[in-house]
């Protein structure tokens, strides 16, 4: 299937960046203007302290304009593809490709005099109470193999405006390289060579992906483009090629995002998939805790808002690692990660259990990954069924890994500990009258109805009567079921807000966990229906979003676009659905 052809003009660079595998350069088009700009997928905390300051940083290169021989701006019609941007003007065709992760290669129209103009701000400056400071952002060089007709650099607005006009001979190329202060300018290549290499690079990527049913193919192609487009190369604390959740909105590697990304990468590159896990474990703290996020210049292991505290993410790496092993067995990798994963588990249960009851607690809302959930409105710490379900699943995965490594007594120990945590959740969290597992704050139930009250389904160890009660809640249209599922707060709960992050929208990763849970308890038809509903919701849009309105299916304004784990979930579920056989949505139904 020519997946690349499906993506012609599918990438809207007014909303999501044109980038390339490994690159930190992001190309955007201004809305309603024939101009482009370049942002950097880097935090650059040395310029301005603050782990979120990058979200407010302006573009590095602005007002990229195409020029005629007189320096007049040219309007263009844009054609996008994964490997190339093509600009049709009255003079002919300009084009742009990535020569490499730091270098943009421009083609100018043949047999014409034309060029580019752009404004770059290579210096960061800021006034202080006692003076001011100037810092280098990045270096820029530009070269051409064509005869130069005009090359003008004008200081302006704290930066420089460049105007370069050249004689458009055969294969006339303008190359722009953006690199760190200690980097090297890239060797010049003519556009034809860079363009052919870019097309081959993307063609090889798409040639590796497994086939899926025709109905999924367009969104599937977009998802795979995103999986490569969001990759960055090793640099600083980023030890392996790794995927950002979003090159624009989430610059860094996030703990449970990396686990979800690995689920998709395992279908094309087992080493790349495993490196998503390695990239997190390499920064394990001395007490066993894993940081929340990792970026070039640092790690995020504590945050000062909405409260001050250590921050991590839910423990799902062992579960993800076992999935990688199922698709591509590698005992050496399991040996490599087993002890670090045991230390993660120990940290959760020994450092986050103030009352010593064997149930772990969240001490910071962001450690849940459910940042603004109403479950945390009363305060911290809280004991919750979602965290302890993750730990149960994690211990079950460690049991299987230990068994594969020949440690049978240790494997049995993990199974006993997983069973014990389920019994304790029933004792402390289960409300027989409500038929739900409650989160506890100050040992009292937080009576907000969320799908996380149903999470212990995933353990596969609940008594039949409890399992039936939870399934009744899940399939109740007044709570969680319906056209768009699963809302992250029940529809009939007073806290339900279908448009606000974790207070009611649909998140693909949560749906994926419930597909896993339903398969675990042999609810195959329900798992198939949830799979289909998840895929169809994502396919409703040309963009792949962080989360979706659970009432309308729309993408909320604050949801990040080109979002990693939504793409990964779509890929894995589409492949799974395509490969299954049977009567319901292609799934094998067991009696």
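We did not get these values from a lab; they are worked out from the coordinates using the rules stated. Everything numeric in this text was worked out from a predicted model, so none of it was measured. Please note: Cβ atoms are built from the backbone with ideal geometry, for glycine as well, and neighbour counts cover all protein chains shown.
Can you divide the C-alpha Rg of the stretch 314-422 by 2.2 N^0.38 Å and report the result to two decimal places? Before the final figure, lay out each step's value.
Working: Rg = 14.8 Å, N = 109, 2.2 N^0.38 = 13.1 Å.
Rg over 2.2 N^0.38 Å, computed on Cα atoms: 1.13.
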Practice item. Using only Cα atoms, tell me the angle between helix 408-429 and the longest principal axis of the chain; keep it within 0 to 90° and round to the nearest 10. Key: 80
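If I take R0 = 45 Å and measure r between the Cβ atoms of residue 204 and residue 353 in this structure, what FRET efficiency does the formula 1/(1 + (r/R0)^6) give, to the nearest 0.05? Before the final figure, lay out each step's value.
Numbers: r = 49 Å, r/R0 = 1.08.
So the FRET efficiency works out to roughly 0.40.
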Check your understanding: Over the C-alpha atoms of the stretch 190-288, what are the Rg and the largest Cα-to-Cα span, Dmax, in Å?
Key -> 15.3, 53
Practice item. Return the inverse of the average 1/r over all pairs of distinct C-alpha atoms in the stretch 406-465, which is the Kirkwood hydrodynamic radius, in Å to one decimal. Key: 12.9
Review point. What's the angle, to the nearest 10 degrees (0 to 90), between helix 331-351's Cα axis and the longest principal axis of the chain?
Key: 70
Check your understanding: Angle, helix 385-404 long axis vs. longest principal axis of the chain, Cα atoms, 0 to 90°, nearest 10?
Key -> 90
Review point. Spin-label point model (7 Å from Cα, Cβ direction): what's the residue 57 to residue 196 distance in nm?
Key: 3.6
Practice item. First measure r as the distance between the Cβ atoms of residue 86 and residue 433, then evaluate 1/(1 + (r/R0)^6) with R0 = 60 Å and state the FRET efficiency to the nearest 0.05. Key: 0.40
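If you rank 433, 412 by fewest surrounding Cβ atoms within 10 Å, what's the result? Intermediate values should be presented prior to the final figure.
Values: 433 5, 412 13.
Least crowded to most crowded, the residues run 433, 412.
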Revision key, fill the gap. Of the stretch 422-451, those with amide N under 15 Å from the point 7 Å along the Cα→Cβ vector of residue 492 are 434-436, 448-451
**Study point:** 222 nm mean residue ellipticity, helices alone, for the chain (DSSP H n ≥ 4; -39,500 (n - 2.57); rounded to 500)
**Key:** -10500 deg cm²/dmol
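Arrange the following residues from fewest to most other Cβ atoms within 10 Å of their Cβ: 323, 135, 247.
On the way: 323 18, 135 13, 247 26.
Ordered from fewest to most neighbouring Cβ atoms within 10 Å, 323, 135, 247 come out as 135, 323, 247.
What ranking of 432, 523 emerges when the number of other C-beta atoms within 10 Å of each C-beta is taken as an exposure proxy, fewest first? Don't skip to the answer; put the middle values down first.
Values: 432 10, 523 20.
Fewest to most other Cβ atoms nearby, the residues stand as 432, 523.
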**Study point:** q = 0.14 Å⁻¹: log10 I(q)/I(0) that the Debye formula gives for the stretch 376-488, counting C-alpha atoms only
**Key:** -0.62
Exercise for review: Could you tell me the distance between the Cα centroids of the stretch 513-574 and the stretch 80-130, to the nearest Å?
Suggested key: 36
**Study point:** Projected area, mean over directions - the stretch 208-579, Cα convex hull, nm²
**Key:** 16.9
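How many times 2.2 N^0.38 Å is the alpha carbon radius of gyration of the stretch 97-233?
Values: Rg = 19.5 Å, N = 137, 2.2 N^0.38 = 14.3 Å.
Working it through for the stretch 97-233, the quotient is 1.37.
What Kirkwood radius, in Å to one decimal, follows from the Cα pairs of the stretch 265-363? It would help to have the intermediate numbers written out before the result.
Working: mean 1/r = 0.0678 Å⁻¹.
Evaluated on the stretch 265-363, it is 14.7 Å.
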Practice item. In nm, give the distance between the simple-model label positions of residue 147 and residue 413, each being 7 Å from the Cα along the Cα-to-Cβ direction. Key: 7.9
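Assuming R0 = 51 Å, can you tell me the calculated FRET efficiency for the pair residue 522 and residue 133, based on Cβ-Cβ distance, to the nearest 0.05? Write out the running numbers ahead of the final one.
On the way: r = 63 Å, r/R0 = 1.23.
Step by step, r from the Cβ atoms, then E = 0.20.
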Practice item. Only Cα pairs under 8 Å and at least 6 apart count here; give the relative contact order of the chain as a rounded whole percent. Key: 10
Review point. Taking a quarter of the surface of the convex hull around the Cα atoms of the stretch 19-155, what do you get in nm²?
Key: 10.0
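Taking the highest mean first, how do the peptides 542-553, 331-342, 567-578 order by number of other beta carbon atoms within 10 angstrom per residue? Walk me through the intermediate numbers first.
Working: 542-553: 20.6, 331-342: 16.3, 567-578: 23.2.
Highest to lowest by the protection proxy: 567-578, 542-553, 331-342.
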